[in-house]
Structure formats: C-alpha cells, structure tokens
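Here's the structure we're looking at; comments come further down.
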C-alpha cells in the first residue's frame, strides 16, 4: 500500500475519533469545465461533518525527496480546491492535513509560515502513530 | 531532451527576440530556510531584464496526462516563487509562460480563468513553432 493511502486512513480515523462523520471519500468536485476527480497526480479530498460544521480535507504525505516540490503541489491543489468550494459549497471549510513530523521539519520554517499566513492555509496536524489530531490551526 | 527543456529554450529565444536580456538561467532563490534551487520536481525559473523592467519566468510545459494536476503544481510554484520575490526583490515581476495550445485548451476554461484572476497570475503566451511571444497578460 503506498504511504499516501496509509495516511489517508490515518486522518480519517483521527477525525472519526473526534466525532466527525466521513461523508465523502473521495469528495467529487467538478466545476467550471474542470473535473477535479480525474486529477491523477493528486491525493483525493475527503469530506466530513460534525454538527453543523462541514470540512474538506486534503491529506498530503510529503514523501517526495524535495519538501518544497511537494509543498508547491500541495499549495496549488489546496487553493484550487478551495476556489471550487467557494463557488459551489461556500459553507464548507478547506483544510490541509499534515503529519506532526512534516509540520516540525518544514512548516516551522520562516518561508513556509509566510506562505501559510499569506494564503490562509488552515492546517490539521496529526500524529501518525496514535492516529489522533494534535492541533487544528485556523 | 525532455519536452520541458525544449520549451525552456523556446521561451528564452522568444524573450530575446523582444529585446530582453536573460540575466539568470536558472534564477537562484533561497529564502526563509528554503532553498528553491533544490526543487527537483519543478522547472527552474529564468530571469530577464529590458531597460528598467525585471521579470522572473516560470516555464510550464503541461505535458502530464492531467492538465489540472499540472496546474496545481504550476500555481503553487508560481505563488511560492512570487512570495520569495516579494520579500527579496519586490521590483521583479513574476510570470508564468505557457504555450498557445495549453492556453486555448485549459486557460480559457471558466475554472482556470477564475483561478488566474483570483491569484493574479500574469501570463506569457508563446508560440512554440515560431518561438515568439503571442501575448502578455497582466
């Protein structure tokens, strides 16, 4: 099983432990002439709901040799998916899920912090071993 | 020679024909703990100058099977590079160079137009056969 699939389930399990219901796996998005579902190179989104809150989560494993290359694609995918959601389902909030290890190694850098601030990337930081969410960063 | 290298030279030649001087190939960027030069997965930037104008150009070939996957990575790379430039060399304007074919096939879609507007992506559209710039979209 590729690593990205392992973490896909890790994040799902962590959300379920916090009382979220997984409503779509994957979340199908099609808007403005672009079918996001055929995006072969990208991890699929999941959608979850808890009470009246709805979220979409991009799960990014960052297992390529270059963290910055992985971040380019994670950022572009996040912003494109969020743009689609703003147009078709604006009440759903978009998150990027990353492991605690990746957060410590890359998201604490000055550059990455600036990018996260500037593009208002909401993060879910998860513990890969315990399968729990460590922090929501809004 | 991979296709992306062919178009790299195509864009350089097209710029030179318009009187630009290529000042950096590749343009080295290192900021805030991230060395963009080691970005193995991404096309390298070139820098050019004409009179007092300075530009950085990301040349994206879009030769993967999924145009939307390629667009995710192009967008993320563009925004990350632009963010670095804003911090270290704000007078340099960032452009994304795409072929006329890719523009017609993908950048005329409603979704892509919204993304280009929202993230203020400046485009250079080039003719791959004549090696000339067809249009600057600011």
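With a 10 Å cut-off around each Cβ of A:102-109, the average count of Cβ atoms from other chains is 1. Over chain B, dividing the summed -39,500 (n - 2.57) contributions of all DSSP H runs of at least 4 residues by the number of residues returns a 222 nm mean residue ellipticity of -11000 deg cm²/dmol. Between residue A:16 and residue A:91, the FRET efficiency estimated from the beta carbon spacing at R0 = 30 angstrom works out to 0.90.
With the simple model of a label 7 Å out from the Cα in the direction of the Cβ, residue A:120 to residue B:138 spans 2.8 nm.
Rounded to the nearest 5, the antiparallel percentage of DSSP beta bridges internal to the protein assembly as shown is 60%. Inter-chain Cβ neighbour count for A:62-72, averaged per residue, equals 5 (cutoff 10 Å, partner chain atoms only). Counting from the shortest, the label point at residue A:130, 7 Å from Cα toward Cβ, is 6.3 nm from the same position in each remaining copy.
Give the average, rounded to an integer, of partner chain Cβ atoms located within 10 angstrom of each Cβ in B:87-98. Kindly include the intermediate steps, with their values, before the conclusion.
Working: counts 3, 0, 0, 0, 0, 0, 0, 0, 0, 0, 0, 0.
Mean shielding by partner chains, rounded to a whole number: 0.
Take residue A:91, push a point 7 Å out from Cα through the beta-carbon direction, and compare it with the same point in every other copy: 5.1 nm, smallest first. In nanometres and ascending order, the distances from the residue B:19 label point to those of the other copies are 6.6 (point 7 Å from Cα along Cα→Cβ).
Counting only DSSP beta bridges with both residues in chain A, tell me the antiparallel percent, nearest 5. Present the calculation step by step, with values, prior to reporting the outcome.
Details: 16 of 26 bridges.
Just about 60 percent of them are antiparallel.
Between segment A:49-63 and segment B:71-138, how far is it from one alpha carbon centroid to the other, in angstrom? Centre-to-centre (Cα) distance: 29 Å. Distance from the axis that maps chain A onto chain B is least for the Cβ of the chain A residue given, with the whole Å value, as A:76, 2.
A Förster radius of 22 Å, combined with the Cβ-Cβ distance separating residue B:66 from residue B:113, puts the computed FRET efficiency at roughly 0.70.
Across segment A:1-129, Cα-Cα pairs more than 26 Å apart make up 18 percent of the total.
No value in this document is a laboratory result; all are computed from the given coordinates. This one's a predicted model, so the numbers in the text were calculated from it and none came from an experiment. Glycine also receives a Cβ, built like all others from the backbone with ideal geometry; neighbour counts cover every protein chain displayed.
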